[in-house]
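**Student:** One structure coming up, written as structure tokens, with questions to follow.
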Amino acid sequence: MNLYRAHVLICGGAGCLSSGCKAVLDKFNTELKAHNLQDEINVVETGCIGTCDLGPVMVVYPEGIFYQKVAPEDVTEIIEEHLIKGRYVTRLLYERPASGEQIPFYNEINFFRKQQRIALRNVGLINPEVIEEYIAQDGYLALGKVLSTYTPEQVIQVLKDSGLRGRGGAGFPTGLKWEFTKNAPGDQKYVICNADEGDPGAFMDRSVLEGDPHSVIEAMTIAGYAVGANQGYIYVRAEYPLAVQRLEDAIKKAHEFGMLGENIFGTGFSFDLEIRVGAGAFVCGEETALLASIEGKRGEPRPKPPFPASQGLWGKPTLINNVETFANIPVIINRGADWFKQIGTEKSKGTKVFALAGKVNNTGLVEVPMGTTLREVIFELGGGIPNHKRFKAAQTGGPSGGCLTEKDLDQPMDYESLVAAGSMMGSGGLIVMDEDNCMVDVARFFLEFTQDESCGKCTPCRVGTKRMLEILTKITQGKGEEKDLELLEELATSIKATALCGLGQSAPNPVLSTIRNFRDEYLAHIREKRCPAKVCRALLQYSISSELCKGCGLCARNCPENAISGEPKKPYTIDQEKCIKCGNCLDKCPFNAITLK
Amino acid sequence: MAKANCPLPTSNLSEILDKYKQSPGSLLEILREAQAINGYLSREVLQLIAEELGIPESKVYGVATFYSLFKTTPTGQYIIRICESAPCHIRGAQDVLATIEKTLGIKPGETTPDGKFSLEFTSCLGLCGVAPAMMINDQVFGNLTGDRVREIINSF
Ligand SMILES: Cc1cc2nc3c(=O)[nH]c(=O)nc-3n(C[C@H](O)[C@H](O)[C@H](O)COP(=O)(O)O)c2cc1C
Ligand code: FES
């Protein structure tokens, strides 16, 4: 193997792909050849490094210099200045959002420095398409250890001792679930990885699948051994074609290396994996719906019990775990339950990956010990709110969760505390909102999502959420009444109590939580017909600033109601009686002269 | 789905059916590959699948219409899927949508008269870190603005 004097890690995760990292990578390779450096410097296309908004990003080793927003035009300079002369390209360095101070070193940037990466240990560090790189990071060591020296009971005991809980939403103890499946009668059993990741705002599973697919394959094989299954399925959503491709590739290579398939490591244990691709239905993330979908049926959930551990795929005992849950397992085996147990809080052990999205400076993925506060995640790792705006709320748990506000900033985030704060962990999506976001609009938005995704099988979910949505829409249009809030709360309570699956049972949560935390904002919409965040268009008053208006008349020509009048070259005016608040004038005005109140 | 719109000239329906007939529960796979042939699942295709698998046509139809990525009407050569989930919403997805609608003259659910583009909503694409985001067939695009989305569409 070649010894390189420098390694350039270029992020090939989906976020960076969307900002053009492929062109940067290609340029790097051709320029290295042009400079005859291809034998000295190694370029690695990695999985997601984590800072999606700053992409394309790269890290140059041995120094560990982090470059952001690299364009193909920057590549020659990086090679000639940094890699040949040893001078950093300062204009591409990361800048601390608050102070503008430049931080050259990857491991001194808060976003990375404050993380503890277990599930994401290899993501952004290795080339996911090279199995040797995974092996070099102790990959498949845990599998070898388990198959040669552990009994299935011992594997399960390690997991039980570690305190690992499911990362897919409910937080069920993983060791127990494995034990139930193992003890369920039946000679055919299955292991399933839930890679449906439907929660809007969550993208950690995608990152693991794309950046470190072998960690999931290894863990599923360990699970197969522990519960007594010889066949596994990975159910991936269709929206993740790159993940499917990386998994297919990884499965093939694991086969070639004898780590999957017949007689693994020569131990006599056999286990194989198949990928099943979803087809666009959020409810299929729910485990019983997922089973139906793998069986080729409509992905409708069914009541539990029986739980999949006793009656799962084709009626056989089936273990279902989430991607991030699986990704933790090889490390727990290698480093032991005691090591894992000391990370996190009393009842929530280990780390959790959070996906930072919305109004936060550093969007992307961060993995931190359970119990890290919301403030640390948003303000230290996330770098705070952009444009000096004020933090308003953070939605956790996606459309099933609730919002956390200023008062919750110092809450440690773990399963229990989040529930106590009126929200939930969910899959770890963290959608940050600032003063410009309207909470009524946000609640309506989440409900629209669940309403849309309701499979229609049970009435509370199908009809109840529709009623709630109608009321919320009315409120955002300024037609709400005070008794609507009570009605919403009543409907919410009964849907929660009677819906068939988790989708319906949790659908009212965002509404309840915003009513609880932002009652005033609801009341402003209802009583004063006013949207304080200026989002709900029907409640805004459009007017034309006489200072900015140049009298071009574009607005008047585009107004469908002829509500705008004036003379050329003089400020125009809007007739409030006629205005239907469509926003055309706002979109059209070249001088930003239309103001909203 | 991934390869939904890149026609696979070599494969045809009976090959697909032969490949999967023996493995239980592969209706979704069959539908996906069948859809890849010409971008959607026609009535005739669904009928044929039902016959070959020996299951009622209503069941095949029920499955095909349950999942939003299966199409029972023709679609454009390029499917633009714009994310309508909350993180994209709060970072201005509506404005991007408005620009696409204006540029192509179609609304979500419609196809341009020349059959080149279809416009659709999608749930979260997992690109929330670069919201607002969209996909065109298998390609991902993020940090969209009105200008950028116009440029992207024109490059197709
Ligand atoms: C509506 C709904 C959607 C869900 N979506 C997902 C999902 O996308 N990914 C996931 O891992 N679990 C999801 N779950 C949770 C699963 O049902 C199941 O609890 C989980 O896969 C178990 O894995 P774990 O124990 O490793 O967390 C969902 C649950 C509900 C009710
Ligand atoms: S919310 Fe749009 S990509 Fe996730």
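**Student:** Dimensions of segment A:427-500 along principal axes (Cα, Å, largest first)?
**Tutor:** 37, 35, 18
**Student:** With every protein chain kept in place and ligands, DNA and RNA left out, what is the accessible area per residue of segment A:439-527? Probe 1.4 Å, answer in Å².
**Tutor:** For segment A:439-527, the per-residue accessible area is 41 Å².
**Student:** Amide H of residue B:117 versus every other amide H placed in the peptide plane: which residues, excluding those fewer than 5 positions away on the same chain, fall under 5 Å?
**Tutor:** B:77, B:78, B:112
**Student:** Tell me what chain A gives for mean residue ellipticity at 222 nm when only DSSP H runs of n ≥ 4 count, each as -39,500 (n - 2.57), the sum divided by the residue total, rounded to 500 deg cm²/dmol.
**Tutor:** That calculation yields -10000 deg cm²/dmol at 222 nm.
**Student:** Same structure, new question: Specify, per residue and in Å³, the volume enclosed by the convex hull of the alpha carbon atoms belonging to segment A:150-201. Provide the component values of the computation, followed by the final result.
**Tutor:** Working: hull volume 5.4 nm³, N = 52.
Roughly 104 Å³ of hull volume per residue.
**Student:** Given Cα pairs under 8 Å that are at least 6 residues apart, what percent is the relative contact order of chain B? Let's see the in-between values first.
**Tutor:** Numbers: 227 pairs, mean separation 33.2, N = 156.
So the answer I get is 21 percent.
**Student:** Right, here's the next one. Antiparallel DSSP bridges in chain B: what percent, to the nearest 5?
**Tutor:** Roughly 55 percent of the DSSP beta bridges within chain B come out antiparallel.
**Student:** Further question on the same structure: Would you check segment A:6-113 for Lys pairs whose C-alpha atoms are within less than 19 Å, ignoring same-chain pairs closer than 8 in sequence, and give me the count?
**Tutor:** 4
**Student:** Which percent, nearest 5, of DSSP beta bridges in segment B:78-155 are antiparallel?
**Tutor:** On the way: 7 of 13 bridges.
If we restrict to bridges inside segment B:78-155, about 55 percent are antiparallel.
**Student:** Averaging the inverse of every distinct alpha carbon separation and then flipping it gives the Kirkwood radius. What is it for segment A:21-75, in angstrom units?
**Tutor:** 11.8
**Student:** While we're here: Using the alpha-carbon centroid of each, what span in Å lies between segment A:520-597 and segment A:224-280?
**Tutor:** 57
**Student:** Of all beta bridges DSSP finds with both residues in the protein assembly as shown, what is the antiparallel percent, to the nearest 5?
**Tutor:** Of all bridge pairs located within the protein assembly as shown, approximately 55 percent are antiparallel.
**Student:** For the A and B pair, go ahead and give the buried accessible area with a 1.4 Å probe, both sides summed, in Å² to 100. Working shown, then result.
**Tutor:** Working: alone 24680 and 8590 Å², together 29720 Å².
Using a 1.4 Å probe, the pair buries roughly 3600 Å².
**Student:** Can I ask one more? Under 15 Å from the Cβ of residue A:500, count the other residues' Cβ atoms, weight Lys and Arg +1, Asp and Glu -1, and hand me the total.
**Tutor:** After counting each charged neighbour, the total is +2.
**Student:** Oh, and also: For chain B, take the longest principal axis of its alpha carbons; what is the angle in degrees between that and the long axis of helix B:93-104, to the nearest 10 within 0 to 90?
**Tutor:** Computed tilt is about 80 degrees.
**Student:** List the equivalent ellipsoid semi-axes of segment A:131-340 in whole Å, largest first, each obtained as the square root of 5λ for an eigenvalue λ of the Cα gyration tensor.
**Tutor:** 24, 20, 16
**Student:** With a cut-off of 8 Å between alpha carbons and a minimum separation of six or more residues, what is the relative contact order of chain A in percent? Walk me through the numbers before you get to the answer.
**Tutor:** Working: 1253 pairs, mean separation 66.9, N = 597.
Normalised by residue count, the contact order of chain A is 11 percent.
**Student:** Treating the Cα atoms of the protein assembly as shown as identical point scatterers in vacuum, please give the log10 of the normalised Debye intensity I(q)/I(0) at q = 0.06, 0.07, 0.11 Å⁻¹, two decimals.
**Tutor:** Values, matching the q order: -0.37, -0.51, -1.31.
**Student:** For segment A:6-113, what are the per-bin percents of Cα-Cα distances with bins 10 Å wide, up to the bin holding the maximum?
**Tutor:** 15, 52, 29, 3, 0
**Student:** If Lys and Arg each add +1 and Asp and Glu each add -1, what is the summed charge of the other residues whose beta carbon sits under 13 Å from the beta carbon of residue A:473?
**Tutor:** Around residue A:473, the charge tally is +2.
**Student:** In deg cm²/dmol, rounded to 500, what helix-only [θ] at 222 nm does chain B give when every DSSP H run of at least 4 residues adds -39500 (n - 2.57) and the total is split over its residues?
**Tutor:** After summing the helix terms and dividing by the residues of chain B, the value is -12500 deg cm²/dmol.
**Student:** Convex hull over the Cα atoms of segment B:78-155, averaged projected area in nm²?
**Tutor:** 4.4
**Student:** Based on the alpha-carbon set only, what is the convex hull volume of segment A:540-596 divided per residue, in Å³?
**Tutor:** 64
**Student:** Please enumerate, by chain and number, the lysines with C-alpha under 21 Å from the C-alpha of residue A:550, excluding those fewer than 8 residues away in the same chain.
**Tutor:** Output for residue A:550: A:569, A:570, A:588, A:597.
**Student:** I'd like the mean, over residues of A:197-205, of how many other protein chain beta carbons sit within 10 Å of each residue's own Cβ.
**Tutor:** 5
**Student:** Given the C-alpha centroids of segment A:406-478 and segment B:98-116, what is the distance between them in whole angstrom?
**Tutor:** Spelled out, the Cα-based centre of one part sits 31 Å from the other.
**Student:** What is the percent carbon and sulfur in the accessible area of the protein assembly as shown, measuring with a 1.4 Å probe over the protein chains and ignoring ligands?
**Tutor:** 50
**Student:** If I take every Cα pair under 8 Å that is 6 or more residues apart in segment A:6-113, average their sequence separation and divide by the length, what percent do I get for the relative contact order? Show your work: numbers first, answer last.
**Tutor:** Working: 170 pairs, mean separation 29.6, N = 108.
About 27 percent, as a whole number.
**Student:** Take the cross-link list A:359/A:578; A:114/A:347; A:479/A:578; A:177/A:496 and give me the ones stretching past 27 Å between alpha-carbons.
**Tutor:** Over 27 Å apart, Cα to Cα: A:359/A:578.
**Student:** Another one. If you take every residue apart from residue B:81 with its C-beta less than 10 Å away from the C-beta of residue B:81, what net charge results, scoring Lys and Arg +1 and Asp and Glu -1?
**Tutor:** Details: positive: none; negative: A:239, B:84, B:120.
Neighbourhood net charge equals -3.
**Student:** Could you sort the peptides A:243-250, A:427-434 by per-residue average Cβ neighbour count (10 Å cutoff), highest mean leading?
**Tutor:** For the peptides A:243-250, A:427-434, the packing ranking is A:427-434, A:243-250.
**Student:** Something else: Step by step: find N for segment B:10-66, compute 2.2 N^0.38 Å, then divide the Cα radius of gyration by it. What's the final number?
**Tutor:** 0.99
**Student:** Name the shape class, rounded, prolate or oblate, that the alpha-carbon gyration tensor gives for segment A:234-297, where a ≥ b ≥ c are the square roots of its eigenvalues, rounded holds for a/c under 1.5, and otherwise prolate holds if a/b is larger than b/c and oblate otherwise. Present the calculation step by step, with values, prior to reporting the outcome.
**Tutor:** On the way: a/c = 4.02, a/b = 1.83, b/c = 2.20.
It comes out oblate by the Cα gyration axes.
**Student:** In whole angstrom, and with the biggest value first, how far do the Cα coordinates of chain B range along each principal axis?
**Tutor:** In descending order, the Cα extents are 50, 31, 25 Å.
**Student:** I would also like to ask the following. Using every alpha carbon pair in segment A:124-215, what percent of pairs falls into each 10 Å bin from 0 up to the bin containing the largest distance?
**Tutor:** That works out to 13, 33, 41, 12, 0, in percent per bin.
**Student:** On alpha-carbon atoms, Rg over Rh for segment A:351-434 using Kirkwood Rh? Before the final figure, lay out each step's value.
**Tutor:** Values: Rg = 11.1 Å, Rh = 12.2 Å.
Across segment A:351-434, the Cα-based Rg/Rh ratio is 0.91.
The values are calculated or read from the model by the stated rules, or taken from the named source; none is laboratory data. All values derive from a computational prediction rather than experimental measurement. Methodologically, a virtual Cβ is constructed for each residue, glycine included, from the backbone with ideal geometry; neighbour enumeration extends over all protein chains shown. Only protein heavy atoms, including side chains, enter the accessible area calculation; ligands, DNA and RNA are left aside. Shrake-Rupley method; radii C 1.70, N 1.55, O 1.52, S 1.80 Å.
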